[in-house]
1. Determine, yes or no, whether ASN58 is more than 20 Å from ILE114 (Cβ to Cβ), assigned to a helix (DSSP H, G or I) and not charged (D, E, K, R).
2. Pairs only if they're at least six apart or on different chains, beta carbon under 6 angstrom, first in the range 110-132 and touching a residue at least 40 places away in the same chain (Cβ under 8 Å), second of a type in the set (Phe, Trp, Tyr); list them, first residue then second.
3. Report whether or not GLU73 is modelled with pLDDT of 70 or more and of a type outside the set (Gly, Ala, Ser).
4. Test VAL80 against the stated conditions and say whether it is modelled with pLDDT of 75 or more, surrounded by 15 or more Cβ atoms within 10 Å (Cβ to Cβ) and either of a type outside the set (A, V, I, L, M) or not in a loop (DSSP other than H, G, I, E, B) (or both).
5. So which residues in the range 1-52 are in contact with a helix residue (DSSP H, G or I) (Cβ under 9 Å, 6 or more places away or on another chain), under 18 Å from ASN118 (Cα atoms) and surrounded by fewer than 13 Cβ atoms within 10 Å (Cβ to Cβ)?
6. Surrounded by fewer than 17 Cβ atoms within 10 Å (Cβ to Cβ) and either part of a loop (DSSP other than H, G, I, E, B) or among the basic types (Lys, Arg) (or both), is that true of SER112?
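The values are calculated or read from the model by the stated rules, or taken from the named source; none is laboratory data. All figures in this text were calculated on a predicted structure; none of them were measured in a lab. Counting neighbours? That spans all protein chains shown, and the Cβs are built from the backbone with ideal geometry, glycine included.
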Amino acid sequence: MLNKRDDILKRISIDDSPINYLQVDVWSKSEKNYDCYVFVYHCNNVEDLEASWQYFSNDIAVRFQSKLQKPIEIWNIYLVFIVRDVVLKEVKYKIEQDKYSCRKVVIDNVNSNITQENIINKIMRKLFQLSINTRSEDEENIDSVKSNEKSLMEKLDPINSRLSALINKGIEPSLIYNLYLKEGELT
């Protein structure tokens, strides 16, 4: 469960920041001996995201992360950017792959009337809930290969039996080659 942390927001908010902290929510998730922190920035649009994500990351690193004492807490900070617009894959990738200070997640194409509860559920699923599929992608690929293999064998069986018959009759390999590959008579 995420707990709202307005106390953290009050400590890090400053008047001269380009980040509008009125658009930020701070949450924590308590674990056994430490807390995880989630800073949610509600961006107005993609332009707002692109203009502010680095500054926001730096701001959190300096004003909050640098004050933490437990190493496990220092490395369990998440910045989540909620954007109404669709964010280009390249922009999303650039932000989410940035390793400075904390993990970053972009949740885009969000309906403007999304509830706080829905946002929390998205964050929980994205960051804290492990989802295990009952069938792995490898198993599905194996099934697909087996199915294709059976289909291929059904198509090759008549060709292979005719080829085997020619070989068993002692027909010259060059003649089989000409019949089999060049002229396609076996197909």
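1. On the way: more than 20 Å from ILE114 (Cβ to Cβ): yes; assigned to a helix (DSSP H, G or I): yes; not charged (D, E, K, R): yes.
So ASN58 fits the description; yes.
2. LEU127/TYR78
3. Numbers: modelled with pLDDT of 70 or more: yes; of a type outside the set (Gly, Ala, Ser): yes.
Yes; evaluated as a whole, the condition is true for this residue.
4. Numbers: modelled with pLDDT of 75 or more: yes; surrounded by 15 or more Cβ atoms within 10 Å (Cβ to Cβ): yes; either of a type outside the set (A, V, I, L, M) or not in a loop (DSSP other than H, G, I, E, B) (or both): yes.
Considered against the rule, which asks whether it is modelled with pLDDT of 75 or more, surrounded by 15 or more Cβ atoms within 10 Å (Cβ to Cβ) and either of a type outside the set (A, V, I, L, M) or not in a loop (DSSP other than H, G, I, E, B) (or both), VAL80 comes out as yes.
5. Correct list: MET1 only.
6. On the way: surrounded by fewer than 17 Cβ atoms within 10 Å (Cβ to Cβ): yes; either part of a loop (DSSP other than H, G, I, E, B) or among the basic types (Lys, Arg) (or both): yes.
For SER112, the condition - surrounded by fewer than 17 Cβ atoms within 10 Å (Cβ to Cβ) and either part of a loop (DSSP other than H, G, I, E, B) or among the basic types (Lys, Arg) (or both) - is met.
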